[in-house]
Amino acid sequence: MPARTVRRAVRRGLSPTMVRLVTAIFVLQLLSSALVIVFLRGQMLDVVRIDRERQVTDVRDDLLAAYYDGGREELAEYITARRGSAADPAVFVALIGKDAPVLSNLVQVPDIPVSTKPQHVAVRRGPDQPPSEGVALVGQLPDGERLVVGVVSLAERRINLAFASTAELTIAVAVLMALLSAVVVGFVISRRTHLIAETAAELASGNFGARVPIEGTGDGFDHLRQQVNLMAERIGELVGQLSAVSGALAHDLRSPVTRLSAAIDLALARAEEPRAIEALQAARADADALRTMLENALEISLIEGGAVEDRRRPLDLAAVAEDLVELYDPLAEQSEVRLEARLEPVTAPADRELISRALANLIDNALKYGGNAVVVSTRAVPDADGMIWAEIAVEDNGPGIALPDRARVVERFVRLDDARTRPGGGLGLAMVAAVARLHGGSFVLGDPAAGGPSGGKGLVATLRLPC
């Protein structure tokens, strides 16, 4: 995978939205893992508790059977000999009554009341042993004596010790799995959303043939992909129809304008009165301007519609800029404008004719509206993804363009108020923007740097092309 792609994926993965999403998934996964562990421990303890209570009941039933078979002597002998179920070392038994108490696995009788349900108790099973937790059932015999039957909670202790000893490992595994699943889910969501966003960016740049790949999963993302593709198809149809209409209109109007120019030339050849000749010359100038506007509009329609032949070749942009600066230098001197070139070698795949026309439009606009100093520069600039962009910039020290108007001036037939008194049709910057989109680049109008040649005044028109 290219390093630029890796850096872009890492930057997207570290975006605030992705960090919040991964964090939320991580916390939910961690909480769910903790709940599963707590639930599993509770279930295991419940199983042990039920088994322990059943064991206490079984031992009591065996002891009662011995009592009813042979009376207290048989019961005392059964307890002392630890026969049957009473032989389990975890079981403790006490017979308390008129005579001396009979104890098994006990040194002290727990003080608990008679009950039909097992009760939690603390018992001492040996003189040197600490108290142990257990469950005991206390019943009263027909002769008035009490029979205490219980079992020590060894299994519960082992389970708690096992959970405590493996807690660190369990938490580490749970955290690792939660983090891994959160990153994977976040990456999948990020990849799908950015793929849709990149297609939307392609559509916004004028590439109406861009489509989001359909994965056929049938989920919400797949539905969104289908709707984006349908929207792109519809927009492409509408833009194509609009371009076709405008192109056909411009094409059809060229013939009447050409005939109008020919008629004006014929009238000029026959006119003798000076005022008539002056009026016809003005009409001829307007007809030429109209024909130029129609040709430019038709060319922009062809460029935006993708009908221009792909003539992109590795092009030395600095050499193209140098040729145009030399071409416009006499006009700049005549207009008392200092035209300067600051060129760095940079090569990009581009159509020489279209790039030359776009740069010529930018220089021509700067000479008309840009004050008394114009600087043409070329350079190579890397972006955050490591991609290299070729920049052709035309900077002037004129009044500039207000920020709210910069998005409007790149549209067709848009002219600002201070430009309406000069020749032109408002298509120069629109043509530059169309050339930029055709090359997969961008056209940006910005403010000059404070330390730049214009001293922070004026306007910088930058044509960016991918290298």
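Summary of values
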| read-out | value |
| --- | --- |
| Some residue of segment 327-349 being within 39 Å of the chain's Cα centre (by Cα) and surrounded by 20 or more Cβ atoms within 10 Å (Cβ to Cβ) | yes |
| Long-range neighbours under 7 Å by Cβ, at least six apart or interchain, first residue at pLDDT below 90 within segment 135-153, second assigned to a strand (DSSP E or B) and of a type in the set (S, T, Y) | V152/S132 |
| Any hit, segment 361-374, residues being of a type in the set (V, I, T), open to solvent by less than 10 Å² (accessible area, probe 1.4 Å), modelled with pLDDT of 85 or more and not in a helix (DSSP H, G or I) | yes |
| Number of the condition not met by E299 [criteria: (1) modelled with pLDDT of 80 or more; (2) under 39 Å from the mean Cα position of the chain (by Cα)] | (1) |
| Residues that are among the small types (G, A, S), under 24 Å from L28 (Cβ atoms), more than 19 Å from the chain's Cα centre (by Cα) and surrounded by fewer than 15 Cβ atoms within 10 Å (Cβ to Cβ), drawn from segment 169-227 | A172 |
| Selection count where residues are open to solvent by less than 10 Å² (accessible area, probe 1.4 Å), under 21 Å from K117 (Cα atoms) and part of a helix (DSSP H, G or I), scope segment 67-97 | 1 |
| Residue match in segment 97-104 (condition: in contact (Cβ under 8 Å) with a residue 40 or more places away in the chain and within 19 Å of V59 (Cα to Cα)) | no |
| Of all residues making up segment 382-413, the number that are open to solvent by less than 70 Å² (accessible area, probe 1.4 Å), touching a residue at least 60 places away in the same chain (Cβ under 8 Å) and in contact with a strand residue (DSSP E or B) (Cβ under 8 Å, 6 or more places away or on another chain) | 11 |
| Per-region count, segment 375-413, residues β-branched (V, I, T) and either more than 28 Å from Q334 (Cβ to Cβ) or part of a loop (DSSP other than H, G, I, E, B) (or both) | 5 |
| Residue pairs meeting the criteria (Cβ under 8 Å; at least 6 apart or on separate chains; first assigned to a helix (DSSP H, G or I), in segment 258-283; second open to solvent by 100 Å² or more (accessible area, probe 1.4 Å)) | L268/Q281 |
| Residue that is surrounded by the fewest Cβ atoms within 10 Å (Cβ to Cβ), among those in segment 100-146 that are of a type in the set (G, A, S) and assigned to a strand (DSSP E or B) | A122 |
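Here's the yes/no breakdown for (1) modelled with pLDDT of 80 or more; (2) more than 17 Å from R357 (Cα to Cα):
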| position | (1), (2) |
| --- | --- |
| L427 | no, no |
| L438 | no, no |
| S442 | yes, no |
| L445 | yes, yes |
| G455 | no, yes |
| V460 | yes, yes |
| L463 | yes, no |
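The values are calculated or read from the model by the stated rules, or taken from the named source; none is laboratory data. Just so it is clear, the model here is predicted, and its values are computed rather than measured. So basically every Cβ, Gly included, is an ideal-geometry build from the backbone, and we count neighbours across all protein chains shown. When the accessible area is computed, the model is the full protein with side chains, heavy atoms only, and any ligands, DNA or RNA have been set aside. Shrake-Rupley method; radii C 1.70, N 1.55, O 1.52, S 1.80 Å.
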